[in-house]
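Take a look at the structure set out below.
Just so it is clear, none of the values below were taken in a lab; they were calculated from the coordinates. Being a predicted model, the structure only gives us computed values, none of them experimental. Here the Cβ positions follow ideal geometry from the backbone for every residue, glycine too, while neighbour counts run over all protein chains shown.
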Amino acid sequence: MIEFRYLQPADAEAAADIHIEGQPGTTLTLLGRRFLIEFYRAFYVSRWAEGIGVFEDDLLVAHAAIAISSAKFFSEFKTRYLWRVAVPVALSILRQPKIVKYIVQGWSYADQTHSPDGECDVVFLGVRRDYMRHGVGPELVRYMFGWAGAIGLKSSNFMIEKRNRPMRWMIGQLHGLYIAHEFEAFGRAMLFYKVPIADNLADARMPSGQSHTLSYISVNGKG
């Protein structure tokens with residue numbers, strides 16, 4: 001049975017494994033599995049971010065990590081969580097000094113996206129290899145839009161490597177999207193797509209489980 005639900009800290013290890021499989025050789029992957037586990041644990045409790053996963057019989061087979069505010073989430077992560085993985089990160093840098101430049105770029109992620117309030121950034125979207133080409137990715141995007149619409153967001157933004165044709169094709173099926181800008185990040189040519197939420201709500205769905213962002217907004221009235 002396939003289920004779409006909000007991710008919790010206990011899902012961080014499985015999410016890290018999907019990230020490593022889906023993005024080998026990228027900066028976050030090169031920082032190591034322990035870093036990614038801590039990164040996703042922080043993601044799943046932050047009021048500035050949300051994780052949505054696809055499960056088959058409790059096995060996480062795909063997930064999306066979406067930041068309501070990249071600037072606020074990455075600032076929170078650096079000040080509250082980064083110290084926990086300082087040693088493995090330092091060892092990763094010693095093994096591969098060239099990634100220092102890309103780490104610096106990564107910390108300025110929010111400056112590269114230029115996403116204003118009311119827009120979310122899709123930091124990661126990936127599917128286990130065995131589940132690719134089964135419609136899991138597009139269906140996950142529908143649940144992302146259901147959540148985004150529920151908290152009043154206006155746009156969902158995707159940073160996609162220019163040569164990543166499958167991902168570009170997948171989001172190319174969405175309504176109203178456009179390329180906001182093109183730039184280089186982590187040594188790769190990237191395209192930054194913006195997709196209006198309202199244009200894609202007709203077949204949107206809501207994940208099950210507990211959403212940290214929905215809980216925060218219902219209490220405070222805004223993100």
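Observations, loosely collected:
- Relative contact order, percent, the chain [alpha-carbon distance under 8 Å, six or more residues apart]: 23
- Our helix-only sum for the chain, with -39,500 (n - 2.57) per DSSP H run of n ≥ 4 divided by its residues, gives a mean residue ellipticity at 222 nm of -11500 deg cm²/dmol.
- For segment 1-154, with +1 on Lys and Arg beta carbons and -1 on Asp and Glu, the positive-most of Ile66, Val45, Pro88 along the dipole: Pro88
- Degrees between helix 86-95 axis and first principal axis of the chain (Cα, 0 to 90, nearest 10): 70
- The long axis of helix 70-80 is offset from the longest Cα principal axis of the chain by roughly 50 degrees.
- Note on Lys162: lysines with a C-alpha under 19 Å away, same-chain residues under 8 apart excluded, are Lys194.
- Around the Cα centre of the chain, unit charges on the Cβ atoms of Lys, Arg, Asp and Glu (plus for the first two, minus for the last two) sum to a dipole of about 640 debye.
- Positive dipole terminus of the chain, leading residue within Leu28, Ile197, Phe55 (C-beta point charges): Leu28
- Shown here for segment 117-208: trypsin sites (Lys or Arg not before Pro) in loop regions (DSSP other than H, G, I, E, B) with at most 11 other Cβ atoms within 10 Å, namely Arg133, Arg163.
- Cα-projected label distance for His181 with His114, points at 7 Å along beta-carbon direction, nm: 0.3
- The aspartates and glutamates whose alpha-carbon is closer than 13 Å to the alpha-carbon of Lys78, local same-chain residues fewer than 8 away aside, are Glu38.
- With Cα atoms as the point set, the chain shows a radius of gyration and Dmax of 16.4, 49 Å.
- With the cut-off at under 14 Å, measuring from each backbone N in segment 144-171 to a point 7 Å along the Cα-to-Cβ line of Arg133 picks out 166.
- Relative to the longest principal axis of the Cα atoms of the chain, the long axis of helix 12-22 makes an angle of roughly 80 degrees.
- Nearest-0.05 FRET efficiency for Ser208 and Val100, computed from C-beta distance (R0 35 Å): 0.30
- Partners of Lys72 within straight-line reach, counting aspartates and glutamates whose Cα lies under 15 Å from its Cα and excluding those fewer than 8 residues away in the same chain: Glu50, Asp111, Asp117, Glu119, Asp121.
- Among beta bridges that DSSP assigns inside segment 2-220, antiparallel share in %, nearest 5: 85
- Largest GNM mean-square fluctuation among Ala202, Ala67, Ala15, using the chain with Cα springs under 10 Å: Ala202.
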